[in-house]
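Notes for the one structure printed next.
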Amino acid sequence: MNKGIFITFEGPDGAGKTTIINMVTEQLENVLLTREPGGIDIAEQIRRVILARENTAMDPRTEALLYAAARRQHLMEKVKPALEEGIVVLCDRFVDSSLAYQGHARGLGIDEVLKINQFAIEDMMPDLTIYFDIEPELGLKRINKNKGREVNRLDLENLDFHHKVREGYAILMERFPNRIVKIDASDTLEKVFEKTIKLVIEKIEQKRPSV
Ligand SMILES: Nc1ncnc2c1ncn2[C@@H]1O[C@H](COP(=O)(O)OP(=O)(O)O)[C@@H](O)[C@H]1O
Ligand SMILES: Cc1cn([C@H]2C[C@H](O)[C@@H](COP(=O)(O)OP(=O)(O)O)O2)c(=O)[nH]c1=O
């Protein structure tokens, strides 16, 4: 059994996941911060193929399989070894992104996408998933304000797609109520951070009562 704790951060683009996960990492010791798709060389290579703006011909199933392939490699090379060492792993996006984006928003079906991901991750599901909920309009507004940020193929999808992503996450909340906890990400950065760090510390204390 893993001694570590696996916590994933989810939500539509621009919700504030990356900002908050960095703040949480600064507050805690013995934490590994990583992200999907990517986090290690092979997965970063796959990420470039998936997100390249010129790859408009990519079939939705190809997209889902590539995300699952990147996930598998990242899990085996980075996440699993860290969990076995007893480290707290904070991951910016994981399987729920595939279920919301490819399963629901792209219309492949949540169950279909879950099946290929079960092959990729076996039984390594997160101990906790923090879902940053935000209106897509506000998320995209935040992204557009941040001029330095890369604009990838998924960012170029229309607003309707981003609404479907949020709808997908709402379905996942109902489906996995014990694992996924929602935070209102439209709040101030301070409030969102306060709520997030509380959830993370609670989970660490729950799994390691002596800490
Ligand atoms: N609670 C917040 N209020 C206002 N702006 C925020 C908040 N959280 C994040 N931001 C800003 O929004 C932009 C997108 O945040 P980011 O963390 O990159 O989101 P994500 O990783 O979810 O796509 C950044 O410029 C960030 O500074
Ligand atoms: C992990 C994952 C990400 N994605 C999408 C979500 C993002 O639009 C994009 C990742 O780009 P990224 O720049 O990491 O976005 P963000 O800062 O919003 O997390 O890939 C999927 O569609 N499926 C997945 O399984």
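Below, the figures for the structure above:
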{"quantity": "Residue match in the range 145-158 (condition: in a helix (DSSP H, G or I), more than 30 Å from I5 (Cβ to Cβ) and either more than 9 Å from ligand 2 (Cβ to nearest atom) or modelled with pLDDT of 95 or more (or both))", "calculated": "yes"}
{"quantity": "Qualifying positions in the range 160-174 - out of contact with any helix residue (DSSP H, G or I) (no Cβ under 6 Å at 6 or more places or on another chain) and free of Cβ contacts under 8 Å to residues at least 40 places away in the same chain", "calculated": "D160, A170, E174"}
{"quantity": "Pairs where the first residue, in the range 134-157, is open to solvent by less than 80 Å² (accessible area, probe 1.4 Å) and the second is modelled with pLDDT under 85, C-beta under 7 Å, 6+ apart", "calculated": "I143/R149; I143/D155"}
{"quantity": "Check on V192, crowded, with 19+ Cβ neighbours inside 10 Å and either at pLDDT 95 or above or not in a helix (DSSP H, G or I) (or both)", "calculated": "yes"}
{"quantity": "Qualifying residues in the range 77-133 (those that are acidic (D, E) and open to solvent by 40 Å² or more (accessible area, probe 1.4 Å)) - the one nearest to the chain's Cα centre (by Cα)", "calculated": "D127"}
{"quantity": "Residue that is out of contact with any Phe, Trp or Tyr (no Cβ under 8 Å at 6 or more places or on another chain) and open to solvent by 70 Å² or more (accessible area, probe 1.4 Å), where the choices are E44, E29, E63", "calculated": "E29"}
{"quantity": "Residue in the range 29-36 that is within 16 Å of ligand 2 (Cβ to nearest atom) and not in a strand (DSSP E or B) present", "calculated": "yes"}
{"quantity": "Condition check for R48: in a loop (DSSP other than H, G, I, E, B) and either touching a residue at least 12 places away in the same chain (Cβ under 8 Å) or farther than 22 Å from K207 by Cβ (or both)", "calculated": "no"}
{"quantity": "Selected residue (criterion: nearest to ligand 2 (Cβ to nearest atom)) from residues of the range 126-144 that are more than 22 Å from Y67 (Cβ to Cβ) and not hydrophobic (A, V, I, L, M, F, W, C)", "calculated": "R142"}
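The values are calculated or read from the model by the stated rules, or taken from the named source; none is laboratory data. Note that this is a predicted model, so its numbers are computed, not measured. When we count neighbours, we look across all protein chains shown, and the Cβ atoms used for this are built from the backbone with ideal geometry, even at glycine. The area values use the complete protein model at the heavy-atom level, side chains included, leaving out ligands, DNA and RNA. Shrake-Rupley method; radii C 1.70, N 1.55, O 1.52, S 1.80 Å.
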